[in-house]
Amino acid sequence: MAYRFTILKTIFLFIYFFYHTPLYAQSINENNAEVILYDKKIEVSNNKLSVWVDISIQINNRDGQHMTQVAIPYSSSNKIKELSASIIDASGNEIKKLKKRDVTDVSSISGYSLYEDDFNKVFELSHNQYPYVLNYSYSISYDSFLSIDEWTPVISLHTNTKKASLTLTTPTNFQLSVREQNINQAIKSTKDGKLIYEWTGTYTAESIIKEVFAPPIHELIPKVSIVPLFFEYGPSGSFQSWQSYGEWLNQLSHGLHDLPESEKQIVRNLTRDLPDVESKANALYHYLQDNIRYINVAIGIGGMLPYPASYVAQNRYGDCKALTNYMQALLAEAGIEAFCTDVYADEIPVDLDINFPSQQFNHVILAIPTKTDTLWLETTSNINPFGYLGTFTQNRKALFVNSSQSKIIQIPAMTNVETRRDTRIDISIQAKNKIQAQVNSKFRGDDFETLLYYMKNGSKSEIEHFAKSKLPYQQSPSTITKINQQTRDSQEIIVEAEMNLSDYGQQFGEAKVLNLPSLDFPKIERPSQRKTPLFFPYPIHYKDQFEISVDENIEVTLSNGTNMIKSIFGSFSVVSEKINNKIILTREFIINSGRYSTEDYTKFFEFISSMNESRAKTLITLK
C-alpha cells in the first residue's frame, strides 16, 4: 500500500522473478511479443548440476522490442558456457547472429550491496522488420547446489508463454523433494539407467490480473520447486526435515561469535547496571543501530554464510545474516540467549509450505525468548523501534534455528490496535463560509513505517506530502504544524495540522451541507470483474473522532448520525450525539486480516458498498 519501510522492501519481489529466469524485460502487452519456446534441461551427475536453456521469443511489433534485451545471471564460480543467439526473419531465414563482442559482463552490485559475487551476461539482438524470432541458448554448471531449480514457464508477467518444458535427469538412486504449484505433475520415466522427470506448461498473461488486496503473485503463477534431499554445500546437510535444515544452518554459522575484546568491554559497560533481559537487549540494539550499518554482502556459499562478528565489529557494516549473528554475539556476551530466525520478508507475505523443507526464505531476524514472551529484533534497520517487526515480517511462519531443536514457528500478527490510525478532528464553524479545523492523527502500522522512513531519509516536502495524503479533507488547504515520534522506540508518530474547510461542502439555497471525509480505502472491483481471492496481511483500522462546534447563530442538524455494519470482513460504525450546537461523532472502520475466497468477494463488495452509502448519508446541515 505504501512506500517500503527499508531498502530491503524494494528488492525482494524484484529478485524472485528475475534471479531464476534469464530475461529482465517485460512486455507491456502480451501481443507485442510472445515466448514461443522455453526449454530447460537439467542433469544431476557425479554430484554436479548441469543446466541447458533454449528460448525463442517472437517479436511482433516495435513495442515488443525491449524483450530482446537479455540478461543471464551467473556467479564467478558458475560461469555461462556455450552462449549463442540469432535472429530468424518471417521467412524462417537466419539473418543475424550474436557476436562475442556484443556480450557484456556486468556486475550485479546494486545500490544496497557493497560486494556481490554475482554477474549478468547482457546483450541485445534485434531486427527492424516484424515479426521475427530471437533464439538464444546457453549452459551453466554447478559443483555444489542447495536447490536444483525454481522453475516457472513465466519469462515475463505481461508476456504469454506458448510452450515451456523442464526436463530433469538424475541417477535412479538420487533422492529429491518436489513441490508443484498450479501445474501438472511430472511425467516420470527411466532411460539408460537414469530417472527422468518432465514438466510442461504454458502461461497466459491475462491469467494474472493486478487486483486490489490480491494474494502475492508468487502464489498465482505455475511453478516447480526441486531440492536435493541431501546436499554438500559447505557442510553436509539435508532437507529431510526443518530440524535437519536448521542443524545445517547452525553448522554454517558455528564459531562466528568471535567478538574482539574491545567490543566485549562495550557490552559490559552498556549492560552492567541494567536489571533485566529486555533493558539489556534494548541498550545493545540501540548500540547496533547507532554504530553499524546494513549493506548487502552476497559472497561465500551462495551468499548464505554469515560474516563473523569480528568482521562486523571491525568494518561497522554487514548484511542481515552478519548483523543478526553480530547482535546474537553481543547478547551472548551479556548472558542473553537469542536465536536466528529465517523468514520470507515482505509486506505481502508468501505462505511457507511447511511440508516442503527447503530454502524458502530471504531474510533473517533475531528472536529472544523471555520468561513471558519473545522479543523480536530487526537488525538491518537503524530506525525501527526496539522489538518492532512491523508489516515486513509479522504474521507468518518462519524457521526458528536452534540446532537439533530447530522448528517452524508462527511470528505474531499485528493487532487492530497496532495498525490503527487514530484521528481527532476539532472543527469550528463560525459561519457557513468560515470553517476551521485542528487535526491530530496518530500513525501506526504501515503508515507509521512509511512516515518514519521519510522522516529519517526524505526531504521536508516528501515528509509533509505523505503525511497530508493520510489526513482527512485532503482537497482543502492545510498546514502541517507538528510531526513527532515521542521516543525512538515509540511505535506511533503524531501528526498535527490546521485546515481551512471554508470551501468544503455543497450549497443548496441558503443551506450548506457537509458530509464526512472519505476513508483511506482504494476503489475495488465489481464482483463480475474480480478474478483473485482477497488477502489482508494485517488489519486495516481507522478511528476518527469529530468534535464540531457551531456558532449559536447557525442552525445545525445531523442526519444518519448512528449506524453499525458488521460482517466477517470487519465492521463500520458511526456513533454521535448533539449537545446544543455541538456535535460529537465517532467513526470507526475495521478490516480484519485474513484470506477470503473469490466466492466471498460479493459479500465483501456489499459490505464496502454499504459502508460507502452510510458515509454518504451522514450529513451535517448548516442554515
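In the structure displayed, which of Lys442/Lys543; Lys442/Lys482; Lys470/Lys566; Lys456/Lys543; Lys470/Lys543 lie more than 18 Å apart, Cα to Cα? As for pairs spanning more than 18 Å Cα to Cα, those are Lys470/Lys566; Lys456/Lys543. Taking every DSSP bridge with both residues inside segment 34-237, close to 90 percent are antiparallel. For the residue pairs Lys434/Lys468; Lys162/Lys523; Lys79/Lys99, the alpha carbons lie more than 27 Å apart in Lys162/Lys523. With both residues required to sit in segment 453-593, DSSP beta bridges show an antiparallel share near 100%.
Straight-distance candidates among the aspartates and glutamates for linking to Lys40, with alpha-carbon spacing under 14 Å and chain neighbours fewer than 8 residues away dropped: Asp54, Asp149, Glu150, Glu198.
Placing pseudo-labels 7 Å out from each Cα toward the beta carbon at Leu176 and Thr479 gives an inter-label distance of 6.8 nm. For segment 241-410, averaging the sequence separation of C-alpha pairs within contact (under 8 Å, six or more residues apart) and dividing by the residue count gives a relative contact order of 29 percent. Estimated purely from DSSP H runs of n ≥ 4, each contributing -39500 (n - 2.57), the mean residue ellipticity at 222 nm for the chain is -5500 deg cm²/dmol once divided by its residues.
Oblate is the label for segment 420-622. Its Cα gyration tensor axes, ordered a ≥ b ≥ c, give a/c of at least 1.5 and b/c at or above a/b. What pairs in Lys397/Lys603; Lys121/Lys194; Lys512/Lys578; Lys41/Lys531 have C-alpha atoms more than 26 Å from each other? Cα-Cα > 26 Å for Lys397/Lys603; Lys121/Lys194; Lys41/Lys531; rest within. Modelled spin-label separation between Glu82 and Lys188, with each label point placed 7 Å from Cα along the Cα-to-Cβ direction: 2.7 nm. Note that the chain presents 46 Å² accessible area per residue, ligands and nucleic acids not counted, probe 1.4 Å. Taking every DSSP beta bridge that has both ends in segment 241-410, the antiparallel portion is near 90%.
Averaging the Cα positions of each part gives two centres, and for segment 530-603 and segment 179-235 these lie 43 Å apart. Taking packing as the residue-averaged number of other Cβ atoms within 10 angstrom, the listed peptides 66-75, 38-47 run from highest to lowest as 66-75, 38-47.
The values are calculated or read from the model by the stated rules, or taken from the named source; none is laboratory data. From a predicted model like this one, the values you see are computed outputs, not experimental measurements. Note that each Cβ is placed from the backbone with ideal geometry, even for glycine, and that neighbours are counted across all protein chains shown. These accessible areas exclude ligands, DNA and RNA; they are computed on the full protein's heavy atoms, side chains included. Shrake-Rupley method; radii C 1.70, N 1.55, O 1.52, S 1.80 Å.
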